[in-house]
Amino acid sequence: MIYGHAQLLGASVTDRDGAESLAAIQDAVETMQHVLGDLASVIDGGRRAWPVPVNGARDIDARHLLLRTVQSLPSAAARTRIDTWVRAIVCGDPVRVRQCLLNVLGNADKYAPTGEIIVSVRRDGGFGVIRIDDEGPGIPEPERRSAFIPLQRSSATRDLPGEGLGLYIASALMTSMGGLIELSDAPSGGLRVEL
């Protein structure tokens with residue numbers, strides 16, 4: 001319904017800001033549809049129930065997708081610094097990669113609400129890597145493996161809102177596309193996430 005109304009408004013919006021806002025609404029609705037499907041998969045059977053990516057794998061310009069994703073999170077965008085702009089093409093489902101980025105950037109925004117978020121894109125052999133560093137509390141090394149278990153929360157962030165599904169979903173999506181997600185310490189002491 002929201003997507004349909006945004007499409008109807010599209011014909012009457014003539015200014016650039018309005019068109020960008022409508023595109024952001026349509027992107028958010030598409031992502032939310034996938035999130036709801038992913039949550040149903042978690043409830044119905046865990047990772048083994050995850051489907052292959054809906055749109056199929058294809059080449060994605062990581063820079064373009066990252067910039068679009070950061071812009072759709074206004075509170076994070078204001079304090080996100082893009083550190084390097086190496087052209088990196090990754091192979092995957094663009095909606096699913098974007099969903100992974102939204103989960104990770106959303107966590108950085110929530111757990112490091114005042115710090116800088118530093119994002120970079122690089123090549124590592126034949127792979128494109130998107131790195132996100134934040135200035136939050138991080139995840140202690142002994143707890144990192146459990147961060148990918150649904151409903152598990154780090155001891156450093158248990159008192160903050162959240163259900164413990166974001167990294168689990170991002171990991172399952174990356175695995176379904178033949179990729180991976182790694183957690184380590186950021187130079188700032190926060191969390192480094194590499195997709």
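Calculate the spin-label point distance for Ala57 paired with Phe127, positioning each point 7 Å from the Cα along the beta-carbon direction, and give it in nanometres.
1.3
Which order do the peptides 170-180, 58-68, 130-140 take when ranked by the mean count of other beta-carbon atoms within 10 Å per residue, highest first?
Numbers: 170-180: 18.7, 58-68: 17.2, 130-140: 22.1.
Going from most to least packed, we get 130-140, 170-180, 58-68.
Hey, for a label at Glu20 modelled as a point 7 Å past Cα toward Cβ, could you say which residues of the range 75-108 have their backbone N under 13 Å away?
Taking a point 7 Å out along Cα→Cβ of Glu20, the residues of the range 75-108 whose backbone N falls under 13 Å are 77-78.
Putting +1 on Lys and Arg Cβ atoms and -1 on Asp and Glu Cβ atoms, find which of Gly189, Ile132, Gln152 reaches farthest to the positive end of the dipole of the range 61-195.
Positive-most Cα among the choices belongs to Ile132.
Please give the solvent-accessible surface of Cys100 in Å², to the nearest 10, using a probe radius of 1.4 Å with every protein chain present.
That residue has around 0 Å² of solvent-accessible surface.
Just to make sure I understand: if all protein chains stay in place, what is the order of Tyr168, Tyr111 by accessible area at 1.4 Å, largest first?
Correct descending sequence by accessible area is Tyr111, Tyr168.
How many nm separate the modelled label positions at Cys91 and Glu182, each set 7 Å beyond the Cα in the direction of the Cβ?
2.0
The values are calculated or read from the model by the stated rules, or taken from the named source; none is laboratory data. Nothing here was measured: the structure is a model prediction, and the numbers come from that model. Glycine gets a Cβ as well: all are built from the backbone with ideal geometry, and neighbour counts include every protein chain shown. Ligands, DNA and RNA are excluded from the accessible area calculation, which covers all protein heavy atoms including side chains. Shrake-Rupley method; radii C 1.70, N 1.55, O 1.52, S 1.80 Å.
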